[in-house]
1. Quick one: count up the residues across segment 1-28 that are loosely packed, with under 15 Cβ neighbours inside 10 Å and assigned to a loop (DSSP other than H, G, I, E, B).
2. Give the residue, chosen from Leu66, Leu46, that is at pLDDT 90 or above, surrounded by 15 or more Cβ atoms within 10 Å (Cβ to Cβ) and under 24 Å from Tyr146 (Cα atoms).
3. Just wondering, is there one or more residues in segment 86-108 that are at pLDDT 85 or above and assigned to a helix (DSSP H, G or I)?
4. Assess whether Tyr128 counts as being of a type in the set (Ser, Thr, Tyr), out of contact with any strand residue (DSSP E or B) (no Cβ under 6 Å at 6 or more places or on another chain), modelled with pLDDT of 85 or more and surrounded by 13 or more Cβ atoms within 10 Å (Cβ to Cβ).
5. Answer with yes or no whether Ala78 is more than 22 Å from Gly165 (Cβ to Cβ), modelled with pLDDT under 75 and under 15 Å from the mean Cα position of the chain (by Cα).
6. Pairs please, first residue from segment 1-28 and under 24 Å from Leu84 (Cα atoms) and among the β-branched types (Val, Ile, Thr), second anywhere and part of a helix (DSSP H, G or I) and modelled with pLDDT under 80, Cβ atoms under 9 Å, 6+ apart in sequence or on different chains.
7. Could you please let me know if Leu73 is surrounded by 13 or more Cβ atoms within 10 Å (Cβ to Cβ), modelled with pLDDT under 75 and part of a helix (DSSP H, G or I)?
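The values are calculated or read from the model by the stated rules, or taken from the named source; none is laboratory data. Keep in mind the model is a prediction, meaning the values are calculated, not measured. Cβ coordinates were reconstructed from backbone atoms using ideal geometry, including for glycine residues, and neighbour counts include every protein chain displayed.
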Amino acid sequence: MSDYTVFILAFAVSAASPGPEIAGLLSRTLAGGLVASLPLALGIVLGKLLMLTAAVLGLTALVKVLGPMFLMLKYGGALYLVWLGIKKWRKAGRILAAEEQTKPVSFFMEIALGLAMTLSNPIAVVFYMALLPGAIDMSAVSMNSYLILCAIIICVMTCVVIGYGLMAEVVRRMFSAANSRTLIDRIAGVMMIGAGVWIALR
């Protein structure tokens with residue numbers, strides 16, 4: 001088994017395990033479809049790439065130095081998710097075509113939320129720093145090796161996002177009737193609130 005295979009398997013298990021990021025992606029897909037979850041997914045991937053970069057560069061003091069920033073990201077992202085969840089619950093079942101046209105989901109806000117969800121978990125840096133030496137010869141890491149690791153993260157996360165997204169999309173279409181719309185919206189709202197609480201408590 002190659003070094004990169006070990007990294008792929010370990011990262012895939014970690015990335016696919018249920019957590020606040022997965023809950024956020026599922027709630028977004030349930031609320032607006034697979035495409036609606038892509039900006040959030042992009043932010044999560046960017047966050048994981050930043051964590052990888054920090055670990056590869058050996059920034060062991062990153063968590064301590066940026067502790068206050070991590071806390072701001074953590075609680076800011078948590079509050080925003082809880083607010084979105086409450087809003088989704090209160091408006092469950094409503095068909096707000098006009099409002100959706102005038103108030104589209106902010107692409108950059110969703111990316112920032114995905115970043116906050118990932119970067120608010122400084123334990124992720126520890127995960128990479130524990131995993132990398134056991135899988136990759138860190139004394140011989142080159143730009144090519146780093147780019148391969150980045151490509152692995154992007155590919156694995158793409159599979160995770162599409163897999164969970166398709167699963168949520170199937171559920172969403174199965175319950176597309178008007179009386180089921182309320183249930184789906186409330187499930188999405190609860191998942192958003194749960195993800196926010198999860199982030200705040202971890």
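1. Total meeting the criteria: 4.
2. Working: Leu66 fails: at pLDDT 90 or above.
Of Leu66, Leu46, the one residue that is at pLDDT 90 or above, surrounded by 15 or more Cβ atoms within 10 Å (Cβ to Cβ) and under 24 Å from Tyr146 (Cα atoms) is Leu46.
3. Applying the first criterion (at pLDDT 85 or above) to segment 86-108 yields 108.
Filter once more, so that each one left must be assigned to a helix (DSSP H, G or I): 108.
Yes: one or more hits.
4. The answer is no for Tyr128.
5. Yes, satisfied.
6. Ile22/Ala195
7. Details: surrounded by 13 or more Cβ atoms within 10 Å (Cβ to Cβ): yes; modelled with pLDDT under 75: yes; part of a helix (DSSP H, G or I): yes.
When the stated conditions are applied, Leu73 passes them.
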